[in-house]
Amino acid sequence: MQAQGKDRSSPVLNVLRLIIAAGAAGVLSAAIALPAVGGAGVSAKSAMEGLNLKPEELEEPPLPERTVLVDSKGKQFAQFFYENRQSVALDQVAPIMRTALIAIEDFRYYEHGPIDVEGTARALLKNVTSGGVMQGGSSITQQYVKQVLVNAAETDAEKQAAIAPTLSRKLAELRYAMAIERKYTKDQILEKYLNIAYFGAGAHGIQAASKRFFGKPASELNLAQAATLAGAVQNPARTDPDIGPESRERLLARRNVVLDRMAQLSKITPQEAAEAKAKKLGFKDVKVPGGCEESKYPYFCLYVQYEILNNDDFGKNQDERRKLLQRGGLRIKTTIDPKMQEAAEKAIKKYVSTKDKPVASQAMVVPGTGEIKAMAASRKFGGNKKKNEISYNVVADAAHGGGGGFQQGSTAKAYTLAAALEEGLKYEDGFPSPAAFSAARYSSFKDCKGNSVGDPSHEVRNSSEGGAGFKTLQTGTWGSVNTFFLKLEERVGLCKVVKLAKRLGVKRADGGKLGEYETFTLGINEVDPVTIANSYAVFASRGQYCKPLAITEITDRNGKAKQYKPKCSQVMDEEVADAVSGILSGVFTKGTMREVGGIGRDAAGKTGTTDNYMSAWFAGYTPNLSSAVSLGDPRGSSSHKLIGVTIGGRYYPYVYGASISGPIWKQAMLGALKGVEAADFVPVNHDRFGGCSENCAPKPPKKDKKGDGDGPPSDGRGGDQGGGGDPFDPFGQGNQDNGGNGRGRGWPLTGTGLG
């Protein structure tokens, strides 16, 4: 507020007034000598010897502006900010707000130059005689200068220097103010001040303050609200309404001072002032969500955040990129689709509770573009362990804020199938698959460095005799027969399977190298849903791999936009991809998902249950959309297996890929694709790959007491593990496959194998 005084006859005051007036005119260039004044050991001469009141250009770095994330439809779902600020033009601020601020802070603002001579002279006199800065008297221009210096400060020391109570700092402020007034009009300076000022409650700038205090834009402020915000800028630390009742009382009193001042200056009538003073403070305490924890889509928000933090295009290091994200004022348009995201969330919620320790996670990706359309999980994101929240991105890899992932299980068998088709094998090609894979054969598996791999002491089994027998690419896949896929991988070559998986973008969730062992085909590597959904999208897009895409456009604070296009390449022969889809389509009708069923349109997929039931997966796709669902316990899947667990209020003796993950996938895809025209897979080239179309494929064998390893849950044939249990052993266990699958389980007197 303006320092007001009545003594205009003081010689020192008069000299100071002349000094400032001359400086404001730009003609003072010599030192000024004044008689000693005051008893604080400070003389006007010593204070003024360094005066050089010439305009000095002020560097004005861009203000920290919030960055917003919007979905594919343009609706905001998250924001990042260092300071909660939304800069607006002066015509977006209610006229009464401008009037209130000028009345209390600088009522001669439009009449004087960079300095209010009367007010500043008295302030300087008081400060010189007291040995420090005791009064303000700063014009709005000077206040703007101080705010710029504070915002530009990188360290606490620089911030303290910007507000230090010293005469030298005040004189530097005057020189900067002179340059600012030459550079901008009064309205431009007022606009800049309104956008930079701090009002309390974490609100920087008039727009953020108006929304934070009153839940409305600055253009809609009324008299009482404008007076409140005008009063808050003097000492926001004391009048911060977010602190408590005492601070609110001080803010209310300050508001009334502003109203009285406006009436005194005839900006409002005494009656208007009285009516406004009779109103309550009206602080609405509108919380401002920031960061991913308070985002509507926290896991996808994290993914986008790390896309920025890990990209050299946005800064030399993560500190620079984080500053850009928090201060850059970016508008980031993303790929997430609200309808598909909602479908994923609803499906997960139906089968898994937020209170369950095991967590279900799902990602949806568009084949042919790599656009991520949904990322959802059963547990809420956050750091409150008592509320069972999870503090990392369980849907993605470590590079995007995720953890170590879960073992992939039998969803990895699709890569071995694809490699075999690439090598020229046909649908009917196959071989006898034993109940157990002999340890003696492990020497035939070599990694990509030519080293023999495998544990000679380990034996992979299907389950009793049910999984044994001659299997083809089709029947071996539909029954997810472990020993068949080990033999198929042996025939194709472990390295070829690994290299094909890498071409499809498969990588470990923790960023480490893929484990190249004979059980690679059984899914021993820990992965994440985004990676697996995107790898299966290659089959859907007829062999085209696209890097996962979360950002489509970034607009900077100046309105300049940059588009981000899909990055795709052909990594597989189109007809090979079609052939993979042809076989994986049968999983819904002849394989481990038969009990769950399809989605009423062309779809293909694969279940996956890991060794000892450590995790359960389903990955599948249509020509329009690919998706993967994982289920595991983040506390440690090896020590917290999916055995004898209650999930979503339902008890499961054993959890298979088709128990929870499969149904989640089905319901989510039905919702996500509702209203989307169905597309068909390209027919398989049977001249090249043999076999037959879906309609003329051999029918599965009739039910019998012995499981044959090819059937879905609850039908008397083995499930995902490649074999049913012994029908005469009520607790007969199926196979353990070293990370690739779970086990078949024989139910009493039925021989049912769950997949």
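The values are calculated or read from the model by the stated rules, or taken from the named source; none is laboratory data. All values reported here derive from a predicted model rather than from experimental measurement. Every residue, glycine among them, receives a Cβ derived from its backbone with ideal geometry; neighbour counts consider all protein chains shown. Quick note on the areas: whole protein, heavy atoms, side chains included, nothing else; ligands and nucleic acids left out. Shrake-Rupley method; radii C 1.70, N 1.55, O 1.52, S 1.80 Å.
Of the trypsin sites (Lys or Arg not before Pro) in region 306-340, which ones lie in a loop per DSSP and count no more than 13 other C-beta atoms within 10 Å? Passing both the DSSP loop test and the Cβ count: LYS316. If R0 is taken as 22 Å, the Cβ-Cβ distance between THR646 and LYS674 corresponds to a FRET efficiency of 0.10. The accessible-area ordering, largest first, of the residues ILE96, ILE532 stands as ILE96, ILE532, per a 1.4 angstrom probe. Rounded to the nearest 10 Å², what accessible area does ASP156 show when all protein chains are kept and the probe is 1.4 Å? Spelled out: ASP156, probe radius 1.4 Å, area about 120 Å².
Over region 487-598, Cα pairs under 8 Å with separation of 6+ residues give a relative contact order of 20 percent.
Carbon and sulfur together cover what percent of the accessible area of region 524-664 at a 1.4 Å probe radius?
Values: 1900 of 4320 Å².
On region 524-664, the fraction of accessible area on carbon and sulfur atoms equals 44 percent.
Estimated at 0.36 nm per residue, the fully extended path between LYS75 and LYS323 surpasses their Cα-Cα distance by 86.9 nm.
SER659 sits with roughly 30 Å² accessible to a 1.4 Å probe, with DNA, RNA and ligands left out of the calculation. Largest accessible area first, the listed residues LYS496, LYS590 line up as LYS496, LYS590 when surface is computed with a 1.4 Å probe on the assembled protein chains.
Residues of region 353-397: accessible area per residue at 1.4 Å, in Å²? Write down the numbers at each step before the final one.
Details: 1660 Å² over 45 residues.
Heavy-atom accessible area per residue stands at 37 Å².
Shown are GLU428, GLU111, whose ranking by accessible area with a 1.4 Å probe and every protein chain present, most to least, is GLU111, GLU428.
For region 215-305, what is the accessible area per residue in Å², given a 1.4 Å probe and the full set of protein chains? List each step's numbers first, then the result.
Numbers: 4470 Å² over 91 residues.
Roughly 49 Å² per residue, with all protein chains present.
Only Cα pairs under 8 Å and 6+ residues apart enter the sum, and on that basis the relative contact order of region 239-342 stands at 12 percent. Taking all protein chains as they are arranged and a probe of 1.4 Å, the heavy atoms of TRP617 leave approximately 0 Å² accessible to solvent.
Extension gain for LYS350-ASP556 works out to 70.1 nm (0.36 nm per residue, less the C-alpha to C-alpha distance).
Of all the accessible heavy-atom surface of region 63-111, with the other protein chains kept in place and a 1.4 Å probe, what percent is carbon and sulfur? It would help to have the intermediate numbers written out before the result.
On the way: 910 of 1870 Å².
The nonpolar share, carbon plus sulfur, comes to 49 percent.
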